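Please treat every number below as a calculation from the coordinates, not as lab data. If you're wondering where the values come from, they're calculated on a predicted model, not measured in any experiment. For neighbour counting, all protein chains shown are included, and Cβ atoms are generated from backbone atoms with ideal geometry for every residue, glycine included.
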Amino acid sequence: MRIDKYLWAIRVFKTRSEATDACSGGKVKVGGVNCKPSKEVKVGETIQIRKGSALFSYRVLAPLEQRVGAALVPQYAENLTPQSEIDKLRAPVETFFVKRDRGSGRPTKKERRSLEQLWDELDFDDE
């Protein structure tokens, strides 16, 4: 079975085209080596998938021909992903809220300038 179809079937990706793009983009490795979407999957192989900042790992338990329900996925693939990698996806995103009274309308020119100055001071991208 093709790896892109396998990853779609075990619900790692929502669509098969997403799985194909991930393989083509070098985000999928089998045995530590980048693979093409047409690579055949064998039982016992370890697949590593980079999604965002996390690296997911799966072991192939059995081939399958079509997409299966989420409850049946453990019969076909073993999730080897450590909890620390899963926690990377749930990392808190720093957000900044400015408190304004409800109904006070748009900021005045003075308020806007002070907000822009505050944003410039908090800008971490330049470092």
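Maximal additional length on extending the S104-Q83 stretch stands at 3.0 nm, based on 0.36 nm per residue less the C-alpha distance. Relative contact order, whole percent, for segment 3-89 stands at 26, derived from Cα pairs under 8 Å and 6 or more residues apart. A simple charge model with +1 on the Cβ of Lys and Arg, -1 on the Cβ of Asp and Glu and nothing else charged puts the dipole of segment 3-89 at about 160 debye relative to its Cα centre.
Restricted to Cα atoms, the chain shows a radius of gyration and a Dmax of 22.2, 66 angstrom. Dividing the summed helix terms, -39500 (n - 2.57) for each DSSP H run of n ≥ 4, by the number of residues in the chain produces a 222 nm estimate of -8500 deg cm²/dmol to the nearest 500. Model label points for D120 and R90, set 7 angstrom from Cα along the Cα-to-Cβ axis, are 4.0 nm apart. Ignoring lysines fewer than eight residues from K88 along the same chain, the ones with Cα atoms less than 16 angstrom from its Cα are K51. Listed values for segment 7-15 are Karplus-derived 3J(HN,Hα) couplings in whole Hz (6.51 cos²θ - 1.76 cosθ + 1.60, θ = phi - 60°), namely 5, 5, 5, 8, 6, 6, 10, 6, 10, and x replaces Gly and Pro.
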